[in-house]
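The structure under discussion appears below in the form of structure tokens.
The values are calculated or read from the model by the stated rules, or taken from the named source; none is laboratory data. What you see is a predicted model; the values in this text were computed from it and never measured. Note: ideal-geometry Cβ built from the backbone for every residue, glycine included; neighbour counts use all protein chains shown. Accessible surface is based on the protein model in full, side chains and every heavy atom, while ligands, DNA and RNA are left aside. Shrake-Rupley method; radii C 1.70, N 1.55, O 1.52, S 1.80 Å.
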Amino acid sequence: MFKHDPLKIVEEIRLLFTEKGNSMYAGEPVTQTEHALQAAFSAEQAGEALELIVAALLHDIGHLLHKHDEDCAEQGIDDLHESIGAQWLLQYFPPDVTEPIRLHVDAKRYRCALDPQYHSQLSPASVLSLQLQGGPFEEEELKIFEDNPWHAAALRLRSWDEAAKIPNYKTPELEHFLIYVDRVLEQETL
């Protein structure tokens, strides 16, 4: 149980998107906010639990939190956004939100190890970040990932993440999804 004011946390998340969400999603034709909204909308359309919809919305919040340039991958820097974001969110949210976020890069590495077709469909920016993130998993890493109780949620999140790169795609606004954020936070304060 967390002892934080949900309204303040929602406002902090809104402010992050307001201040930094209009930056481009590195190497892709959408902004950080458009990417987040598309992923959350996909989770919502799939009928997922509130926690996974929130995870889809916030899966790349680490990009809004870190101090690197937008093109840091092109500079050979792995921004570790999945860890930064999950760690920051862990202050407020349950593992059903934070763990799929922490694991969404591992989910890409997992899929690339098992499915050459998946790897071949990655965008150039995603291929570059994959290299910086350690490349496809080795055999031992596959088993560790599969043993994690949130691996299936992380794989679903990964699918929405990869698909959330469509310019001018119509989704509900940020405020629509911040209602879900507030609901999850309210559950944690009960």
| said: Please count how many residues of region 136-177 are assigned to a loop (DSSP other than H, G, I, E, B) and touching a Lys or Arg at 6+ places or on another chain (Cβ under 7 Å). | reply: 2
| said: GLU186 - would you say it is farther than 13 Å from ALA43 by Cα, in a helix (DSSP H, G or I) and at pLDDT 95 or above? | reply: no
| note | Here the residues within region 102-134 that are outside any helix (DSSP H, G or I), touching a Lys or Arg at 6+ places or on another chain (Cβ under 7 Å) and more than 20 Å from ALA86 (Cα to Cα) are SER123
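For every residue, the table says whether it meets (1) of a type in the set (Phe, Trp, Tyr); (2) open to solvent by less than 40 Å² (accessible area, probe 1.4 Å); (3) over 14 Å from ALA164 (Cβ atoms).
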| residue | (1), (2), (3) |
| --- | --- |
| TYR25 | yes, yes, no |
| VAL30 | no, yes, no |
| GLN38 | no, yes, no |
| GLY47 | no, no, yes |
| field | Candidate set from region 123-165 (those that are buried (at least 17 other Cβ atoms within 10 Å of the Cβ) and of a type in the set (D, E, K, R)); member that is farthest from MET24 (Cα to Cα) | value | ARG156
| Selection status of GLU11, over 17 Å from PRO100 (Cβ atoms) and crowded, with 22+ Cβ neighbours inside 10 Å | no
| If we keep just the residues of region 167-185 that are open to solvent by 80 Å² or more (accessible area, probe 1.4 Å) and of a type outside the set (Phe, Trp, Tyr), which is farthest from PRO124 (Cα to Cα)? | ARG183
| said: Please verify whether GLN45 is touching a Phe, Trp or Tyr at 6+ places or on another chain (Cβ under 7 Å), modelled with pLDDT of 90 or more and more than 18 Å from THR98 (Cα to Cα), treating the condition exactly as stated. | reply: no
| query | When only residues in region 83-122 that are small (Gly, Ala, Ser) and within 16 Å of the chain's Cα centre (by Cα) count, which is most open to solvent (accessible area, probe 1.4 Å)? | reply | SER83
